Amino acid sequence: MKKALALILALVMCLSLSAAAFADDAGSVYYLNFKPEADQAWQDLAAKYTEETGVEVKVVTAASGTYSDTLTAEMAKTEAPTIFNIGNKSGITDWGDYALDLTDTSIYAERVNDDYVLFDDAGAPKALGYCYESFGIIVNTALLEQAGHSLDEITDFASLKAVADDIHARADELGFDAFSAPGLDGSSSWRFSGHLANIPLYYQYKDAGLTVGALPAEITSDYLDNYRNIWDLYITDTAADPTSLSTSTGDESEAEFGEGKAVFYQNGDWEFSRLTGKFGMDPETLAMIPIYCGVDGESEAGLNCGTENCWAINAKADEADIQASIDFLTWVVTSEEGTAMLAEQFSGIPFKAAKASANVFGADAAEYANAGKYTMFWAFNDTPNVDAWRATVVTALTAYSADPSDANWEQVVSAFVDGWAIEYANVNG
């Protein structure tokens, strides 16, 4: 009996050691997530994958507006991220040496096409876009109608301003205002130093016949008066105090809209799951319209569409961790659980096994395009030394918002134009 028990114990020990050795050989995954709004979804998906495969997947989410600094700090650690985000061609310059050539990987084979891939100068695919996103002005159509207006009225900046001015003038009577807070806290400022900045940049590119990846050394002040038009509307037709926007957060702005305190909210289709989930908004009362700013012919505009969300795999990680990361991402874009999460969180997904999304904002983008409206590509992806450039713009916007004088606006113009040239030189010499 004792001999049999000893044999059983020995067998159990061997199996345990074999399982441990297998787990070590399988590697592990550390994903540094770029999108705070999707943190819980990634945590849940990682736990599901570990349950199914035994492979450890750790997800760490950088706070909004801090990804670059967080990535730099994490990459310096012994246990660095094995999967990280690169947002644009400039990011390839910064992190290309750390990004694995994805050519022969299973995750790269699942892409629909090369439209959402970032290549280095040698033509190697270094980062793979995992979502195709749209942003504009999100509208609570129920509140809009309650205020006596409709989406059909809004076709350009003049009509947007007329509607917003009327709602703001009657805010006390209505119980809600026109725009949610245009916060310039780090958790929110990217909406304006990045996404709103795309408007003047896009029209400059369009005039010059440029596309994303042009990486111009200089930009002009063309269309910055239009940027001023829409920014003035944001800081005027709102309940927010324009003198304290530097402490106004993204969560506060989202809550204003989600709780029915504002009709308009500049953001993107990634907000759909939170607005309908966390805040319980009815999808049928949500729509997205273009960011109008007074440019000639803008009634023919559609939404801003593109991506700055591209997976890169750390080429300097252990071989086992690299393979584990490739396997995990391949599972994410092919499995029932992974594709369902991507469709719910990110709308348009550029992979072969993508599921149809219920996201109405993505449908709005397609509807504008199908109607022949021009799509505004993400020219801001070419921003040189992006964090430094945006910080200068935010500082100038903060001062202007507190005192909207022509002199202070010139500082915003300088932050755009001179700041771009300075940061380009800092990056490129």
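The values are calculated or read from the model by the stated rules, or taken from the named source; none is laboratory data. Here the structure is a predicted model, which is why all the values come from computation and not from measurement. Cβ placement follows ideal geometry from the backbone for every residue including glycine, while neighbour counts extend to all protein chains displayed.
The figures follow:
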item	result
Selection status of SER347, among the hydroxyl-bearing types (Ser, Thr, Tyr), under 18 Å from the mean Cα position of the chain (by Cα) and surrounded by 22 or more Cβ atoms within 10 Å (Cβ to Cβ)	yes
Tabulated pairs, the range 107-121, first under 13 Å from GLY306 (Cα atoms), second assigned to a loop (DSSP other than H, G, I, E, B), C-beta under 6 angstrom, 6+ apart or interchain	TYR116/THR307; TYR116/PRO350
Of all residues making up the range 121-150, the number that are farther than 23 Å from GLY280 by Cα, exposed (fewer than 15 other Cβ atoms within 10 Å of the Cβ) and of a type in the set (D, E, K, R)	1
Residues satisfying the stated conditions in the range 381-410, i.e. within 18 Å of SER221 (Cα to Cα), touching a helix residue (DSSP H, G or I) at 6+ places or on another chain (Cβ under 6 Å) and either of a type in the set (D, E, K, R) or surrounded by fewer than 18 Cβ atoms within 10 Å (Cβ to Cβ) (or both)	ARG390, ASN408
Meets criteria (over 30 Å from ALA162 (Cα atoms) and in contact with a helix residue (DSSP H, G or I) (Cβ under 9 Å, 6 or more places away or on another chain)) for THR307	yes
Residue among ALA388, ALA343 that is of a type in the set (A, V, I, L, M) and not assigned by TED's automatic domain parsing to the domain that holds LEU102	ALA388
Any pair with Cβ under 7 angstrom, 6 or more apart, that starts in the range 159-178 at a residue that is under 19 Å from ILE230 (Cβ atoms) and ends at one that is hydrophobic (A, V, I, L, M, F, W, C) and in a helix (DSSP H, G or I)	LYS161/LEU233; ALA164/LEU233; ILE167/LEU174; ASP177/ILE167; ASP177/ALA171; ALA178/ALA164; ALA178/ILE167
Every residue from the range 184-209 that is more than 23 Å from GLY65 (Cβ to Cβ) and surrounded by 17 or more Cβ atoms within 10 Å (Cβ to Cβ)	TYR203, GLN204, TYR205
The range 84-113, residues that are modelled with pLDDT under 90, surrounded by fewer than 21 Cβ atoms within 10 Å (Cβ to Cβ) and either more than 21 Å from ALA73 (Cβ to Cβ) or touching a Gly at 6+ places or on another chain (Cβ under 9 Å) (or both)	LYS89, ASN113
Residue satisfying all of: in the range 266-287; among the small types (Gly, Ala, Ser) and more than 13 Å from PHE361 (Cα to Cα); modelled with the highest pLDDT among these	GLY280
Of the criteria (1) out of contact with any Phe, Trp or Tyr (no Cβ under 8 Å at 6 or more places or on another chain); (2) assigned by TED's automatic domain parsing to the domain that holds ALA169, which one GLU319 fails	(2)
Matching residues, the range 234-252, being more than 28 Å from PRO384 (Cα to Cα) and crowded, with 19+ Cβ neighbours inside 10 Å	ASP237, THR238, ALA240, PRO242
